[in-house]
Amino acid sequence: MTGAEPRVCVLRMEGTNCEDEMAAAFREVGAAAELVHVKQLSAAAPAHLRRDLEDYDILALPGGFSAGDYVRAGALFAARIKSSAGAALRRFVEAEKPVLGVCNGFQTLVELGLLPAMGDAMPPAPEAALCTNDSGRFECRPTVLRMDNRGSCAFTSGIPRGALLAIPSAHAEGKFASADPDIVERLEDGDQIAFRYVAPGGGPARYPWNPNGSASDIAGICNPAGNVLGMMPHPERAISRFTHADWTRGYSSEDGDGKALFASAMRAVRPRS
């Protein structure tokens, strides 16, 4: 692609409800973000409305309740994406273009096999799951994340390792789990853990600071190449300090803690734009 503004495809379908905030977050860091319905990636759309993933630099899957979270959260969104643009999505990921999935988007990336994707960029079946919170209910609360990636993730390159970020969470199925008993160790070895829940100050995250019971307090992971990131908390809701719960104190600028993720993605794509 050419042009000054990297293009972002914010993919939506019936039930997603965070696409406007996601698009606004990317626009805040200088991207040209477009809301694209999953139907627009297939021949089901009229020719003038069709879109091709190849024309975008970044793909973002927003939060919400796609298809009402029937079957499993993100399962039907993943099936729709595969049927509309599965081959194009694989090419997008294998080209190492950044892909971000937040909350329902994270669930969808896991259902697509794009995370954790330890052996194949897009395996035919999920390797993990985002399960029902240990509390058995929807958790909407402030959470604190520690950035634990050692350098592989495109979305954390502008965040110092060990930095604490105040990012809100809102989900009912956010407990990262896998049938593989060694999943955490394998993720650690591959530098695939991006964020962990911690208590304020960085201490161990007992409930409610780990709102779901996720294994090893995992809040976000990336694929081995580092270009696909999924996380349960919502960085697009923390672009400005004024949307933080403690916005009146502790901030030296108007930037919120989530903005650095989007700025990092822009640095990753600008050389190819």
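All of the numbers you see were taken from the coordinates with simple rules; none came from a lab. A quick note: this is a predicted structure, and the numbers were derived from the prediction, not measured. Cβ placement follows ideal geometry from the backbone for every residue including glycine, while neighbour counts extend to all protein chains displayed.
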Verdict on Asp57 being surrounded by 23 or more Cβ atoms within 10 Å (Cβ to Cβ) and farther than 21 Å from Pro124 by Cβ: yes
Residue within region 178-192 that is in a strand (DSSP E or B) and in contact with a helix residue (DSSP H, G or I) (Cβ under 9 Å, 6 or more places away or on another chain) present: no
Single unsatisfied condition, Ala170 versus (1) farther than 15 Å from Arg146 by Cβ; (2) in a strand (DSSP E or B); (3) in contact with a Pro (Cβ under 6 Å, 6 or more places away or on another chain): (3)
Residue list for region 199-244, restricted to those being within 16 Å of Ala129 (Cα to Cα), of a type in the set (S, T, N, Q) and touching a helix residue (DSSP H, G or I) at 6+ places or on another chain (Cβ under 8 Å): Ser216, Asn223
Only listed residue being under 27 Å from Lys175 (Cβ atoms) and over 17 Å from the mean Cα position of the chain (by Cα), chosen from Ala85, Ala67, Ala117, Ala129: Ala67
Neighbours by Cβ (under 6 Å, 6+ apart or cross-chain): first from region 5-32, over 23 Å from Gly86 (Cα atoms); second among the aromatic types (Phe, Trp, Tyr) and surrounded by 15 or more Cβ atoms within 10 Å (Cβ to Cβ): Ala25/Phe262; Phe26/Phe262; Val29/Phe262
Qualifying residues in region 1-40 (those that are among the aliphatic types (A, V, I, L, M), assigned to a helix (DSSP H, G or I) and out of contact with any Lys or Arg (no Cβ under 6 Å at 6 or more places or on another chain)) - the one surrounded by the fewest Cβ atoms within 10 Å (Cβ to Cβ): Ala24
Subset of region 215-241 (residues that are under 14 Å from Ile183 (Cα atoms) and surrounded by fewer than 24 Cβ atoms within 10 Å (Cβ to Cβ)): Ala215, Ser216, Asp217, Pro224
Residue pairs meeting the criteria (Cβ under 9 Å; at least 6 apart or on separate chains; first within 26 Å of Leu164 (Cβ to Cβ) and touching a residue at least 40 places away in the same chain (Cβ under 8 Å), in region 127-144; second basic (Lys, Arg) and part of a loop (DSSP other than H, G, I, E, B)): Leu130/Arg72
Residue satisfying all of: in region 160-216; touching a Ser or Thr at 6+ places or on another chain (Cβ under 7 Å) and β-branched (Val, Ile, Thr); nearest to Ala245 (Cα to Cα) among these: Ile167
Residue within region 194-212 that is in contact with a Pro (Cβ under 6 Å, 6 or more places away or on another chain), surrounded by 15 or more Cβ atoms within 10 Å (Cβ to Cβ) and not in a helix (DSSP H, G or I) present: no
Residue that is surrounded by fewer than 24 Cβ atoms within 10 Å (Cβ to Cβ), in contact with a Leu (Cβ under 6 Å, 6 or more places away or on another chain), under 24 Å from Met266 (Cβ atoms) and not aromatic (Phe, Trp, Tyr), where the choices are Leu165, Leu109: Leu165
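Okay, residues lined up against (1) closer than 15 Å to Glu111 by Cα; (2) of a type in the set (A, V, I, L, M, F, W, C):
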site: Met13; (1), (2): no, yes
site: Val38; (1), (2): no, yes
site: Ala47; (1), (2): no, yes
site: Ile58; (1), (2): no, yes
site: Gly68; (1), (2): no, no
site: Ile81; (1), (2): yes, yes
All positions within region 213-226 that are of a type in the set (A, V, I, L, M) and either outside any loop (DSSP other than H, G, I, E, B) or under 14 Å from Pro142 (Cβ atoms) (or both): Ala215, Ile218, Ala219, Ile221
